[in-house]
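Participant: Before I ask anything, let me first share the structure, which is written out below as structure tokens.
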Amino acid sequence: MTQKFINKQKVKKLALEVGFDFCGIAHVGILNPEQERLQNYLSSGWHGEMAYMEKHFEKRCDPQKLVEGSKSIIVLLHNYFPKTELKTANNFKIARYAYGEDYHHVLKEKMGKIVQNLEQEFGAFSCRIFTDSAPVLERAWAVRAGLGAIGKNGNLIVPGHGSWFFISEIICSLDIEADEAFTKDLCGKCSKCLDSCPTSAFADAYKLDARKCLSYLSIEKKGEIPEEFKGKGRDFIFGCDICQEVCPHNRHAKAHTENLFDPNEALFEMNKDSWEKLSKEEFRGIFKKSAVKRSKYEGLMRNILFQKNK
């Protein structure tokens, strides 16, 4: 007897209606060879102080250990490429994903609406929603859901659209028709992302030593930033976009349509002098709902000082 799956187009329609740009479906299973790659990466120590990556290894590679009884993963992509860029002349820079409100909250609310609509359509089911917030190998599942390929810089590239996307997942017990995995190589011989990294964080294609990455150094790294990186920050004080800025696929990027991802108006008036004089009260006001809060005021000022004294 042929198993009857839920029509994936119904699910995708709901995803687009709440504001996601792309949706793909994958069937739950153990991630191989990603499991071996992750083990090798952790053994190398390239994850630095991100000890959380060592936890829940089995859950990272087998979603059924994360959500018991799960059958499908609904993978969702949301564009965050800004409508208007913050000025860069005489200014410090923050990664574009942190321009507006914290994506964790924005996207989880949208996923909650999808779940509600699915329950109305198909009845109650078990699920959990994630966006960069649990032991889920998000990019690997996006590839399995047919949404794109992982580039040499480790980012998911959506053909014809680039890599400025948040990835989210709904892991659920619904048995949904799956998409075919994406198998095409989108990078070819291009190495612009690798060659443009100012800290030489890429040991090779697809191999990032996070301990040298500007995003890691400005967000994850505790204490002082090693002196070897002086003068290499390109004015980034929270995260880094360099390897995406040079990617040829991002020539096709279009601005997002989510107003919550627009920058706080105060950011348009900032320059290096105002960043250096930023008070804790101003920090709390500007970044009240922002992912930049993750660095805390002290961390951001550390990054500013490090950039200033280059």
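The values are calculated or read from the model by the stated rules, or taken from the named source; none is laboratory data. Being a predicted model, the structure only gives us computed values, none of them experimental. Don't worry about glycine lacking a Cβ; one is built from the backbone with ideal geometry, like all the others, and counts go over all protein chains shown. Side chains included, ligands, DNA and RNA excluded: accessible areas come from the protein's heavy atoms. Shrake-Rupley method; radii C 1.70, N 1.55, O 1.52, S 1.80 Å.
Participant: Just how large is the dipole of the chain about the Cα centre, in debye to the nearest 20, putting +1 at every Lys and Arg Cβ and -1 at every Asp and Glu Cβ? Intermediate results must be reported in sequence, preceding the final value.
Facilitator: Values: 47 positive and 42 negative charges, 76 e Å.
Dipole about the Cα centre, nearest 20: 360 debye.
Participant: Shifting gears a bit: Compute the length gained on full extension between Phe268 and Lys230: take 0.36 nm times their separation in residues and subtract their Cα-Cα distance, giving the result in nm to one decimal. Before the final figure, lay out each step's value.
Facilitator: On the way: separation 38, 0.36 × 38 = 13.68 nm, distance 2.65 nm.
Using 0.36 nm per residue and subtracting the Cα-Cα distance, I get 11.0 nm.
Participant: If a cysteine in the chain has no other Cys Cβ under 4.7 Å from its own Cβ, put it on the list, ordered by number.
Facilitator: Cys23, Cys61, Cys187, Cys190, Cys197, Cys213, Cys240, Cys247
Participant: Spin-label point model (7 Å from Cα, Cβ direction): what's the His104 to His252 distance in nm?
Facilitator: Each label point is offset 7 Å from its Cα along the Cβ direction, giving 3.2 nm.
Participant: Once the piece of chain linking Glu282 and Asp195 is laid out straight, how much longer is it, given 0.36 nm per residue of separation minus the C-alpha distance between them? Kindly include the intermediate steps, with their values, before the conclusion.
Facilitator: On the way: separation 87, 0.36 × 87 = 31.32 nm, distance 3.70 nm.
Here the answer is 27.6 nm.
Participant: Kindly provide log₁₀ I(q)/I(0) values, in the same order as q = 0.08, 0.09, 0.10, 0.13 Å⁻¹, from the Debye equation applied to equal alpha-carbon scatterers of the chain.
Facilitator: -0.37, -0.48, -0.59, -1.00
Participant: Per DSSP helix of 4 or more residues, -39500 (n - 2.57); summed, then divided by the residues of the chain. What does that give at 222 nm, rounded to the nearest 500?
Facilitator: Details: 10 runs with 87 residues, N = 310.
-8000 deg cm²/dmol, from helical runs alone.
Participant: Moving on to the next point. Assign unit charges at the C-beta atoms only (+1 for Lys and Arg, -1 for Asp and Glu), then state the dipole size of the stretch 206-251 relative to its Cα centre in Debye, rounded to the nearest 20. Walk me through the numbers on the way to the answer.
Facilitator: Details: 9 positive and 8 negative charges, 25 e Å.
The dipole of the stretch 206-251 has a size of about 120 debye.
Participant: Go through Lys108/Lys288; Lys232/Lys272; Lys93/Lys280; Lys10/Lys110; Lys93/Lys288; Lys59/Lys288 and tell me which ones have a Cα-Cα distance over 22 Å in this structure. Could the numbers behind the result be given before it?
Facilitator: Working: Lys108/Lys288 18 Å; Lys232/Lys272 17 Å; Lys93/Lys280 18 Å; Lys10/Lys110 16 Å; Lys93/Lys288 18 Å; Lys59/Lys288 32 Å.
Cα-Cα > 22 Å for Lys59/Lys288; rest within.
Participant: Another one. Calculated FRET efficiency, Thr84 and Ala134, Cβ-Cβ r, R0 30 Å, to nearest 0.05? Write down the numbers at each step before the final one.
Facilitator: On the way: r = 32 Å, r/R0 = 1.08.
That pair, Thr84 with Ala134, gives E of 0.40.
Participant: When averaged across all projection directions, what area in nm² does the alpha-carbon convex hull of the stretch 1-154 cover?
Facilitator: 12.0
Participant: Then there's this: Computing the accessible area with a 1.4 Å probe over protein heavy atoms, can you report the carbon and sulfur percentage for the chain? All intermediate terms of the calculation are to be shown ahead of the outcome.
Facilitator: Values: 7530 of 15630 Å².
With neighbouring chains kept in place, the figure for the chain is 48 percent.
Participant: Using Cα atoms only, what is the angle between the long axis of helix 34-44 and the major principal axis of the chain, expressed in degrees (0 to 90) to the nearest 10?
Facilitator: So the inclination is approximately 30 degrees.
Participant: A further question on this structure: Over 18 Å apart: what share of the alpha carbon pairs of the stretch 118-257 falls there, rounded to a whole percent?
Facilitator: Details: 6230 of 9730 pairs.
Tail fraction, whole percent: 64.
Participant: If I build a Gaussian network model for the chain, linking alpha-carbon pairs within less than 10 angstrom, which residue out of Gly160, Gly299, Gly188 has the largest mean-square fluctuation?
Facilitator: Of the options given, Gly188 has the highest mean-square fluctuation.
Participant: Which of the lysines could a cross-linker bridge to Lys55, judged by Cα under 17 Å and excluding same-chain residues fewer than eight apart?
Facilitator: The reachable lysines, counting only those whose Cα sits under 17 Å from Lys55, are Lys65.
Participant: Something else about it: Just name one of Asn90, Ala181, Cys213: the one whose Cα is farthest towards the positive end of the charge dipole of the chain (beta-carbon charges, Lys/Arg +1, Asp/Glu -1).
Facilitator: Working it through, the farthest residue towards the positive pole turns out to be Asn90.
Participant: If you don't mind, another one. Please calculate how many Å² of accessible area the chain carries per residue, with a 1.4 Å probe and no DNA, RNA or ligand atoms counted.
Facilitator: 50
Participant: Another one. At 0.36 nm per residue, minus the direct Cα-Cα distance, what do Lys184 and Lys207 gain on full extension? Give it in nm, one decimal, please.
Facilitator: 6.4 nm
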